[in-house]
Structures are given as structure tokens and as C-alpha cells.
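Colleague: Right, I'll just put the structure down here and ask away after.
The values are calculated or read from the model by the stated rules, or taken from the named source; none is laboratory data. This one's a predicted model, so the numbers in the text were calculated from it and none came from an experiment. Reconstructed Cβ throughout: ideal geometry from the backbone, glycine too, with neighbour counts over all protein chains shown. Ligands, DNA and RNA are excluded from the accessible area calculation, which covers all protein heavy atoms including side chains. Shrake-Rupley method; radii C 1.70, N 1.55, O 1.52, S 1.80 Å.
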Amino acid sequence: MRRVYRYRAYLDPSQEPEARAAAMKVMDIYLQSCQTPDVQEARKSVNQDLRYLWTPTRQMVGSWTKGVYRRKSYKAGGEQEKPRFRKRPWRSGILGGFFLTTPKEIPWEEILERDEKYRAQVKIIEDGPHPVAEMVMPLYSDKDKPRLRFRFILHRPIPKEGLLQRCYLICTPRVVNGKILGYTWYFGISVRLPDPDLRVVKRTGILTPYWKLEPNGSLLVASLKIVHQNGKTETRAYHLPPGAIRRGRRAYGLSIAGQDNVVYRKFNRWRADIYRKIAVDIFQRVDFLRVKPIQTGVKVPGTNPRHRRYASLSILYQFLRYRAGRIGAALEIVKPDV
């Protein structure tokens, strides 16, 4: 089981513009490579255009490019579609990194004990309930150039049993009234954790997704039917609070128009927090959950198609997968009928 631990990163002001330009360049090269008809040519162009950056960044973008060509989306008649990308007036950037150049994962404590001979290092510079850590890693493949330095607060401790190898930095612009007021950096660490023991199935759940507007203004996003071992059944409904449609319409509109992406991020975090609580509540009630998503483009009686993106049920499915893997519950997401 893998989990990503994400922290707010604070870069050295003297290095931030250079790192930001490199992160934005990575995304530009990635989107250009996705327009190349042949996947091998696309990967070659990525390695050529990003040859001056550190190796994990090139590997990360190369794997993304390969994944785009592996995905297959079909129209109703069976004709294959080309990859499509949403065009936005603003875009985030990303830089890749790893703690070891060999395909090996090591514990967090071992990373903290490293000396100066390693190119990627992490040190705790301030102890406390939420320690402050400083990481140093290369930005360029040239070893003579100075390494990138940034700090982050460990508000979420990394488990001792976790194993680490890869990490990444994300640069996100703050757009307000169509203007970029600054950039926010995040540091993510991919951690592999041991799989938990599987639960004994005594309660089975069937989750039906919706995006139905209720009379009180709330948005029905899912209905759960619980079947107990003795044959008793019960049903629960899960909603986004009243005003979700209004908040979502404003957030999406400002984001697509390029006027404000801060409002969209706040709405997205607010919705994700509700879905996280829904996933926790569901797996407190069932040991096995079966979900059948609704095929894109299919009209559901009693719903408005325009409300589907405000529900964004794929985010709920992500939290269900994460929660099921963490506690050892069984989850089956059935492929929708085409």
C-alpha cells in the first residue's frame, strides 16, 4: 500500500525563481510530447529537452508520456480518440526527486542519518510537536551547480515502518482577478506501508452514486445500502451541504476564465474533506463495499447533468480506495457498462 505525505514547502528566495522556471518548463515539455504521434519519439524528445535537469524529473515525465499512450478512450462506435487536455490560462509546475539512485526503498530514520556525501539529504533543524525539516536535492544534472534547498513542517509524521524512495515538488500559482499574485510550493513523499490484515466480511454495502439536488439545497452524492449477515438491511444517504451548487458554480467559473484559482482550490479542499468523512463513515458500517460508477454521458433520471462536475465522484472513489486499503476492508469498483 502506498500513501503520499504532502507538506507546504518554503524555498530559498534566491533559488525560487530558477526552480519555478524549471518546474513550468517540465509541464510545457510534457504537454508538447503528448502531441507527438509516436510514443518512442515523444519519450526521446522529453529526454532531449530536459537533459539539463536531474534524472528523476526526466524519468517522471517519461513515464507520464508513456501512460498517456497506454490509455484508450473510445467513442460509442468504437473509434479510438486522441488524448485530450483541458486548456487553462494558468498551469502548475513540478520537479521530481528521489532519495536513492538505486531501485531500493529505505526508512525515514535512515534518510535523516545521512552525511554530506549523498546528493539528496534531509535534516531536522527544529524539534517539537511539528518538527521543521530542511531538504537539499539537485535541480540540474550538472554536479557542479548548487543544489536546491527548501524547508517543510512535518505536521503529519512519517510512520517508522514506511519505506521511501521518490519525492516531488509542486509549484502552483495563486491567481486572483486574472493576475498571478505569487506561487505556492508543496513537497510530496511517496511512502510504501505494509498491507493491513483483511477484515472478516459480516456487513456488505452497495454504493449508488448520484448528483441529485434536494429541495433543501443540498446535493445527494451517494446512497448506501447495507446488508447484514442476518439479512437485515438499512439505507443511508450522503450529501454535500446546502449551497454546494452555488459554491461550485462560482469556483469553476472563475477557474476556467482564469480570474481566480484560489476560490477553486478552497472549494476543492472543502469538498474533499467532506468525501474523506463520508469514506470513514462508510467503512465504519461495512466490511465489503461494491460500487458501480455511472457511465459518462448517461442520463440519470431526476438529476441535472450540469451538477455532475460539482459532485466530482471520482474524488470520493479515491478516498474510498485509500480508506479501504488502510484498514483492510474489501472494495470492488465495477466497470460501468459502455
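Colleague: Which residues, taken from the stretch 87-128, are β-branched (Val, Ile, Thr), open to solvent by 40 Å² or more (accessible area, probe 1.4 Å) and either at pLDDT 85 or above or on the phi > 0 side of the Ramachandran plot (or both)? Please lay out each step first, then the result.
Modeller: Filtering the stretch 87-128 for residues β-branched (Val, Ile, Thr) gives 94, 101-102, 106, 111, 122, 124-125.
This time we only want the ones that are open to solvent by 40 Å² or more (accessible area, probe 1.4 Å), so: 101-102, 124-125.
Matches in the stretch 87-128: 124, 125.
Colleague: For the stretch 282-296, give me each residue that is touching a residue at least 24 places away in the same chain (Cβ under 8 Å) and in a helix (DSSP H, G or I).
Modeller: 282, 283, 285, listed by residue number.
Colleague: Any residue in the stretch 1-14 that is in contact (Cβ under 8 Å) with a residue 60 or more places away in the chain sitting within a Cβ distance under 9 Å of a residue that is among the small types (Gly, Ala, Ser) and not in a strand (DSSP E or B)? List the pairs, counting only those 6 or more apart or interchain.
Modeller: That search, which allows pairs on different chains as well, returns 1/325; 2/325; 3/162; 3/325; 5/162; 11/19; 12/19.
Colleague: Which members of the stretch 26-37 meet the condition of being in a helix (DSSP H, G or I) and farther than 13 Å from residue 47 by Cα? Even if it seems obvious, please write down each step before you answer.
Modeller: Step one: list which residues in the stretch 26-37 are in a helix (DSSP H, G or I), which gives 26-33.
Hits for the stretch 26-37 are 27, 28, 31.
Colleague: From (1) under 20 Å from residue 210 (Cα atoms); (2) of a type in the set (Phe, Trp, Tyr); (3) part of a helix (DSSP H, G or I); (4) out of contact with any Lys or Arg (no Cβ under 7 Å at 6 or more places or on another chain), pick out the condition that doesn't hold for residue 322.
Modeller: Of (1) under 20 Å from residue 210 (Cα atoms); (2) of a type in the set (Phe, Trp, Tyr); (3) part of a helix (DSSP H, G or I); (4) out of contact with any Lys or Arg (no Cβ under 7 Å at 6 or more places or on another chain), only one is false for residue 322: (1).
Colleague: Working only within the stretch 244-293, note down all residues that are among the aromatic types (Phe, Trp, Tyr) and either over 18 Å from residue 325 (Cβ atoms) or open to solvent by less than 40 Å² (accessible area, probe 1.4 Å) (or both).
Modeller: Start the filter on the stretch 244-293 by keeping residues that are among the aromatic types (Phe, Trp, Tyr), which leaves 252, 264, 267, 270, 275, 283, 288.
The answer is 252, 264, 267, 270, 275, 283.
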